[in-house]
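The values are calculated or read from the model by the stated rules, or taken from the named source; none is laboratory data. Predicted model, so just to flag it, every value in this text is computed and none were measured. Here the Cβ positions follow ideal geometry from the backbone for every residue, glycine too, while neighbour counts run over all protein chains shown. For the accessible areas, the whole protein counts, side chains as well, though only heavy atoms, and no ligand, DNA or RNA atoms are used. Shrake-Rupley method; radii C 1.70, N 1.55, O 1.52, S 1.80 Å.
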Amino acid sequence: MGLMGQDAVGKEVRLSRGCLYGLSGRCHQSSELLFLSSQPLKKEIKMEAEPQRKFGVVVVGVGRAGSVRIRDLLNPDLSSACLNLIGFVSRRELGHISGVPQISLEDALSSEDVEAAFICSESSSHEDYIRKFLNAGKHVLVEYPMVLSLAAAQELWGLAEQKGKVLHEEHIELLMEEFAFLKKEVMGKELLEGSLLFTAGPLEEEQFGFPSFSGISRLTWLVSLFGELSLVSATLEEQKEDKHMKMTVHLETKSQRPLSWIEEKAPGLKRNRHISFHFKSGSLENVPHVGVNKNIFLNDQNIFVQKLLGQISETELAAEKKRILHCLGLAEEIQKSCHQRK
């Protein structure tokens, strides 16, 4: 997932020595500052001493995201020092990855040593895994989209609250240099109209969900930049034999300013993002190269650990939840609208 909505950009959170986890156990920390920013951390955060207790973690799914999660959990970073990678779960027989053992799903759910799960599998499996791990009394970090329906998200958030566990949806797109640049450029300007076009290779809808869900990071950008949006119309053009699809969504801000979002995917299409925002004071066409996105998964892990430590305010948690549910609700509306027009 994710960042605490717009309010968390630039927030400093101190992990003080001897702080309580607040949920389960203690971790004696350095008094280094962990900076919640839309930019990657600019310095290495060092521990003064090893924490006396760590959260046991299992990674579920070892594709691109899962492999990066394993790498980061093995990194001697401040947040990784509070986490102990117990193993990984995969449908493939892999044995070990970087010395980390493969364990069964049943063992991950039943083990008292496993206190948190990083769910990095295909989107269609997220709901089932989240429910299983929450019911087993584990904290959950899940890659976006959390689930493929608003009702499922509301149910699972209710379950997490009932169990007293953290449910965190990753949103690394809010930790990117490009987003930090856009946030700064957009701030204080009055929007007249705007558009966002994203192109990439095809994705299997059965695994990754309808395009409004698989592309929810673009929707999250628009909501984070311009506030809550309402759906005006949505269409989906498909050429299944060529694996080509184009989803066109027309949205509106609370000030009734038009925003369009287009997702186009086909074999050979380069992964690219094109933006065009017009303001009363001028226009912004595309995002210049503003630097390499370093450690964005690690920065997301830092935010998850801060949630475990109780270092993020209820106000910020509520704002994040509201944004995530708003985006999932919009994604579902878009899906229904596209199906109705077929």
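Please state which of the following conditions Arg71 fails to meet, knowing it meets all the rest: (1) modelled with pLDDT under 55; (2) outside any loop (DSSP other than H, G, I, E, B).
(1)
Can you tell me how many residues within region 235-256 are hydrophobic (A, V, I, L, M, F, W, C) and either open to solvent by 50 Å² or more (accessible area, probe 1.4 Å) or closer than 14 Å to Leu196 by Cβ (or both)?
Of the residues in region 235-256, 3 are hydrophobic (A, V, I, L, M, F, W, C) and either open to solvent by 50 Å² or more (accessible area, probe 1.4 Å) or closer than 14 Å to Leu196 by Cβ (or both).
Just to check your reading of the model, which residue among Val62, Val89, Val58 is in contact with a Ser or Thr (Cβ under 6 Å, 6 or more places away or on another chain) and among the β-branched types (Val, Ile, Thr)?
Val62
Let's see how each residue does on (1) among the hydrophobic types (A, V, I, L, M, F, W, C); (2) modelled with pLDDT of 95 or more; (3) touching a Phe, Trp or Tyr at 6+ places or on another chain (Cβ under 6 Å):
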position: Arg218; (1), (2), (3): no, yes, yes
position: Leu222; (1), (2), (3): yes, yes, no
position: Ser233; (1), (2), (3): no, yes, no
position: Lys240; (1), (2), (3): no, no, no
position: Met247; (1), (2), (3): yes, yes, no
position: His250; (1), (2), (3): no, yes, no
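Please identify the pairs in which a residue from region 198-209 that is open to solvent by less than 30 Å² (accessible area, probe 1.4 Å) has its Cβ atom under 9 Å from the Cβ atom of a residue that is in a helix (DSSP H, G or I) and of a type in the set (Ser, Thr, Tyr), counting only partners at least 6 apart or on another chain.
Matching pairs, first to second residue: Phe198/Ser217; Gly209/Ser123; Gly209/Ser124.
Across region 202-228, what is the number of residues that are touching a His at 6+ places or on another chain (Cβ under 8 Å) and aliphatic (A, V, I, L, M)?
Residues in region 202-228 being touching a His at 6+ places or on another chain (Cβ under 8 Å) and aliphatic (A, V, I, L, M): 1 in total.
Going residue by residue through region 204-221, is there one that turns out to be hydrophobic (A, V, I, L, M, F, W, C), touching a Cys at 6+ places or on another chain (Cβ under 9 Å) and part of a loop (DSSP other than H, G, I, E, B)?
Yes.
Does Leu182 meet the test of being under 14 Å from the mean Cα position of the chain (by Cα) and assigned to a helix (DSSP H, G or I)?
Spelling it out, it is not the case that Leu182 is under 14 Å from the mean Cα position of the chain (by Cα) and assigned to a helix (DSSP H, G or I).
Which residue, of Arg323, Arg271, is in contact with a strand residue (DSSP E or B) (Cβ under 6 Å, 6 or more places away or on another chain) and either closer than 20 Å to Thr220 by Cβ or among the charged types (D, E, K, R) (or both)?
Arg271
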